[in-house]
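To start, the structure under review is shown below, and the notes come after it.
Where a number appears in this text, it was derived from the coordinates with a stated rule and is not lab data. In this text the structure is predicted, and so the values were computed from the model without any measurement. Neighbour counts are summed over all protein chains in view; Cβ atoms, including those assigned to glycine, are modelled from backbone coordinates with ideal geometry.
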Amino acid sequence: MPSGLKTAEAARLINASMRGTGYVAPTGASKVELTTTAPSATANGTPVSGGSYADQAYPTSGDTATASIANSSAISFGPMPAVTVVGANTKDSNASPRYSWWGTLGTSITTLSGDLITFAAGALTFSLNNTP
């Protein structure tokens, strides 16, 4: 599954760690937004809309000493509209959201109206590494 940091978030981290500029944390807890077109480092994709779909909180717990974090409990979306989900973004809770991470699904998920999509605990993992 291709995934990574949004370019703007990567720039904020690099500027803070290399130039000593102040890093401003996102507003509130992160949310997961599902998309019907592929997100990327520079594009958010098209968010799911309709049905009773709503972005969901990204629950986390534990230590990030491994430079990796995963959802600590299941995340459920729905009832969904009839749609095909191909990716996801994380964003903050601000009214004008700040996007941080993106990813595409290994296999797209097609729903019928009223279906639920659930990601098991540990299924949505984000990590930083120094592998080129």
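By the helix-only formula, in which each DSSP H run with n ≥ 4 contributes -39500 (n - 2.57) and the sum is divided by residues, the chain has a 222 nm mean residue ellipticity of -3000 deg cm²/dmol.
Normalised by the number of residues in the range 36-132, what is the relative contact order in percent for Cα pairs under 8 Å and 6+ residues apart? The partial results should precede the final answer.
Details: 188 pairs, mean separation 32.6, N = 97.
Worked out over the range 36-132, it gives 34 percent.
Site pair Ser93 and Ala120 shows an inter-label distance of 2.9 nm when each label is modelled 7 Å from Cα along Cα→Cβ. Extending 7 Å from the Cα toward the beta-carbon at both Ala54 and Val24 defines two label points whose distance is 2.8 nm. From the alpha carbon centroid of the range 36-65 to that of the range 66-132 is 5 Å. Could you tell me how many degrees, from 0 to 90 and to the nearest 10, lie between the Cα long axis of helix 7-19 and the main elongation axis, the longest principal axis, of the Cα atoms of the chain? Rounded to the nearest ten degrees, it is 20.
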